[in-house]
Amino acid sequence: GQQLNQSPQSMFIQEGEDVSMNCTSSSIFNTWLWYKQEPGEGPVLLIALYKAGELTSNGRLTAQFGITRKDSFLNISASIPSDVGIYFCAGQPGTSGTYKYIFGTGTRLKVLA
Amino acid sequence: GAVVSQHPSRVICKSGTSVKIECRSLDFQATTMFWYRQFPKKSLMLMATSNEGSKATYEQGVEKDKFLINHASLTLSTLTVTSAHPEDSSFYICSAMSRGNYGYTFGSGTRLTVV
């Protein structure tokens, strides 16, 4: 199935550092979602973006809907050990005509205390 | 907030048997539910879209006779893996969308192991 390009695939960072990850596509999307998944669990919604250019925060997390509607990024400020997990973007294609979302390939985050 | 309950969380079954996985929206009505499959260290792959009161829509390459989906009410969708084989072993996750399309709420997943 179709997937979004998400980068980086994985990253090790020191506690307290800021983290940035992004999703890109060759086609436009109507909605972008960012999820976090921990081992053995289902993904949990972090941030939802509905308009091009939208910038939304949720605590230490900030995400933006790219102005071209083909990308989105997620920033985590001052990372802490519990930020460990896999982060997925999900986009709703602009031409799908359905509420189906396509998921990114994931960014595996590891935080070193 | 919206809660989706998925059961069982883990199941081990013998080859050739069938396994049913339930996905319930606990505090909202889910007009549409989605079933995903996730391999280790991989992303979520959409298997099918389940609409209440109508047939499920399967993604390309997903065998509808092998993965039976029933969405009989606004709060329950079931996925039955029929005649399971070891290659069906995977993490299956459901998600539900409430009216208004405010993103998905995911269940906690079901780890299926076929021996």
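Regarding the stretch B:40-53, can at least one residue be identified that is of a type in the set (Val, Ile, Thr), open to solvent by 50 Å² or more (accessible area, probe 1.4 Å) and within 30 Å of A:Ile47 (Cβ to Cβ)? There is no residue in the stretch B:40-53 that is of a type in the set (Val, Ile, Thr), open to solvent by 50 Å² or more (accessible area, probe 1.4 Å) and within 30 Å of A:Ile47 (Cβ to Cβ).
If you check B:Gln29, B:Gln60 for being among the polar types (S, T, N, Q) and free of Cβ contacts under 8 Å to residues at least 12 places away in the same chain, only one passes: B:Gln60. I'd like to check something: does the stretch A:69-87 contain any residue that is within 11 Å of chain B (Cβ to nearest Cβ) and of a type in the set (Gly, Ala, Ser)? No: the stretch A:69-87 contains no residue that is within 11 Å of chain B (Cβ to nearest Cβ) and of a type in the set (Gly, Ala, Ser). Filtering B:Met97, B:Met45, B:Met33 for residues that are under 25 Å from A:Glu38 (Cβ atoms), within 14 Å of chain A (Cβ to nearest Cβ), among the hydrophobic types (A, V, I, L, M, F, W, C) and touching a Lys or Arg at 6+ places or on another chain (Cβ under 8 Å) leaves a single hit, B:Met45.
Of all the criteria given as (1) out of contact with any helix residue (DSSP H, G or I) (no Cβ under 7 Å at 6 or more places or on another chain); (2) open to solvent by less than 40 Å² (accessible area, probe 1.4 Å); (3) of a type outside the set (Asp, Glu); (4) more than 24 Å from B:Met97 (Cβ to Cβ), the one not satisfied by A:Ile76 is (1). Among residues of the stretch B:66-95 that are open to solvent by 60 Å² or more (accessible area, probe 1.4 Å), those with a Cβ under 9 angstrom from a residue that is outside any strand (DSSP E or B) and at pLDDT below 95, sequence gap 6+ or separate chain, pair up as B:Leu68/B:Ala56; B:Asn70/B:Ala56; B:Ala72/B:Glu52; B:Ala72/B:Gly53. Only one entry in A:Gly40, A:Gly91 is under 28 Å from B:Arg111 (Cβ atoms), of a type outside the set (A, V, I, L, M) and in contact (Cβ under 8 Å) with a residue 40 or more places away in the chain, namely A:Gly91. Considering the stretch A:94-113, and only residues there that are open to solvent by 10 Å² or more (accessible area, probe 1.4 Å), away from chain B (no Cβ under 12 Å) and not in a loop (DSSP other than H, G, I, E, B), the residue that is nearest to A:Phe29 (Cα to Cα) turns out to be A:Lys110. Here A:Asn5 passes the criteria (1) within 13 Å of chain B (Cβ to nearest Cβ); (2) over 21 Å from B:Ser95 (Cα atoms); (3) open to solvent by less than 70 Å² (accessible area, probe 1.4 Å) except the one numbered (3). You will find that of A:Leu55, A:Leu49, A:Leu61, A:Leu109, the residue that is within 25 Å of B:Ser108 (Cα to Cα) and without any contact (Cβ under 8 Å) to a residue 24 or more places away in the chain is A:Leu49 and no other.
Tallying residues that are facing chain B (nearest Cβ under 7 Å), of a type outside the set (Gly, Ala, Ser) and crowded, with 18+ Cβ neighbours inside 10 Å within the stretch A:30-52 yields 3. Which residue is modelled with the highest pLDDT, if the candidates are limited to the stretch B:1-59 and must be of a type in the set (Lys, Arg) and assigned to a loop (DSSP other than H, G, I, E, B)? Checking each candidate, the answer is B:Lys14.
The values are calculated or read from the model by the stated rules, or taken from the named source; none is laboratory data. Predicted model only: the values in this text are computed from it and were never measured. Cβ coordinates were reconstructed from backbone atoms using ideal geometry, including for glycine residues, and neighbour counts include every protein chain displayed. Just the protein is used for accessible areas: all its heavy atoms, side chains included, with ligands, DNA and RNA removed. Shrake-Rupley method; radii C 1.70, N 1.55, O 1.52, S 1.80 Å.
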